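Values quoted throughout were computed directly from the atomic coordinates according to the rules given, and no laboratory measurement underlies them. These numbers come from a predicted model, not from an experiment. Ideal geometry is used to build each Cβ from the backbone, glycine not excepted, and the neighbour counts take in all protein chains shown.
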Amino acid sequence: MPLPAADLLEIGVPFVPPYPKRHARLPPLPELLRLVRRSFLDIWPERSFEGDMLRARVLLRDVVICNSPALVQEAFVEHAPDYERKSPQMRHALKPLLGDGLFISDGAVWRERRKVVAPVTHVSRLASLTPPMTEAAAERAVAWRRQDPARPVDMLAEMGHLTAEIICRTIFGRQLGGEAAASVVQAFAEYQRVVGQTDTLSLLGLPDWMPRWQPPAARRASQRIAAVLDELIERVLSPEGRGEASLIRSMAEGVNPATGKAMDKEAFRNEAAVLFMAGHETTANTLAWAWYLLSQAPHAARKVQAEADALGAPATFADMPRLAYTRAVIEETLRLYPPVPLLAREAGRDGELGGRKVRKGSLVIAVPWLLHRHKRLWRQPDAFIPERFLPGGEAASKPRYTWIPFAIGPRVCTGAAFGLTEAVICLATLAAGFAPRLAEGAVVHPICRLTLRPGDTLPMHLDRRHG
């Protein structure tokens, strides 16, 4: 649906944010592996943003990319049991952090844990889960007031600490959460920086039980995170911690309906790690990208600020209906920079997709980075146009699986509504007092290792709007 003339006049020429070079053809294998080690986004040829299915063979492993909403639905919804298992690369990269946690488990373990964990962050509980979002965002605004506007802050780190504070308070309770946030954020940033990006052994067809080497720095970071989580869980579940509500306590009190049993301590730790990593890292990246995009699109920034000003107070869950444009900014940010831009699974048996054979063991992949910028699915796919997510906008007419920032099918993110609400509340609360501006000379370039970040840092000045 075309934009109204008034909106087109205000937008002018839409801002096109940075994206990696697109190759004329798929790079040869040595170059491909070199590029993957740097970033998953650097490998795609131009034709990847046009076709419905892409196929390749990397060493001894077939790779099938589902690049249309219909194929995504066929693979990950209609035939979900055949493509349930995460890719070897993802499993081995995250196992030191998450153990057998929900994000990388499959089979009976995944089904049993999902029944316990999913209700904890269900959309029906949002109203009770969101007060820490408002509190932490308002506290961050106070801290920003103390900053020297002339000195830039690292917005990526700022948003990492904010969302970690929120998830800490939500998972472990207001009294305990804040103490651990900085430690876990720093350790996870280090882990993501050094962890291996490729799993060459699996591409050669070697079995999962063969050990995968990870740098000592990755092991140290994962051990640091595990120690912090173990201490917090022990304190939350102790008699002294019983008086405060938290997600960990909700999980402790929940049982698997199939077995009638609660999770053991190790399972608690693993699922707490999943909630923490998924709950803080992805939303932090989204918010950092949103601030960058708004700094380059004045018309969009003005609309977000107008909604924030109209509230007259820090945003709450009850304000969500009044923040339609702010939500559209977050949704467009998730389209351009999906936090997990590649969803890779391993085919559990021989089968077919799109009428073509898929062999057992093939990597079957949905790539939000490609779908969200597909030339036949989106108008001006590389441009930042939040209006497409407003009611009646372009996104409303798209097939269901055109926009998949939270994954799809049975393995869709259990905290999708939580994360989207958190991003809107934080953006609106902070936009009321500040208009972050990109530091002069800063270079922003998307890098994807485990998640999609705007580089290692995002220097921005905290320009004040009031007072």
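Full extension of the chain segment joining S124 with E50 gains 22.8 nm, where the gain is 0.36 nm per residue of separation less the Cα-Cα distance. Among M155, A136, A366, whose Cα projects farthest towards the positive end of the dipole of the chain, with charges put on the beta-carbon of Lys, Arg (+1) and Asp, Glu (-1)? Result: A366, furthest along the dipole toward the positive end. Sorted ascending by nearby beta carbons within 10 Å, beginning with the fewest, C448, C426 become C448, C426.
You can think of it this way: the chain between R376 and Q223 has 50.5 nm of extra reach, that is 0.36 nm per residue less the Cα-Cα gap. With the largest listed first and rounded to whole Å, the semi-axes of the equivalent ellipsoid of region 350-411 from the Cα gyration tensor are 28, 12, 11.
By the Kirkwood approach, averaging reciprocal distances over each pair of separate Cα atoms, region 263-396 gets a hydrodynamic radius of 17.8 Å. Building the convex hull from the alpha-carbon atoms of the chain and averaging its projection over directions returns 22.3 nm².
Take the convex hull of the alpha carbons in region 30-174; its mean projected area over all directions comes to 13.8 nm².
Ranked by the mean number of other Cβ atoms within 10 Å of their residues, highest first, the peptides 122-130, 276-284, 91-99 fall in the order 276-284, 91-99, 122-130. Using the empirical formula 2.2 N^0.38 Å as the baseline, the Cα radius of gyration of region 312-367 reaches a ratio of 1.93.
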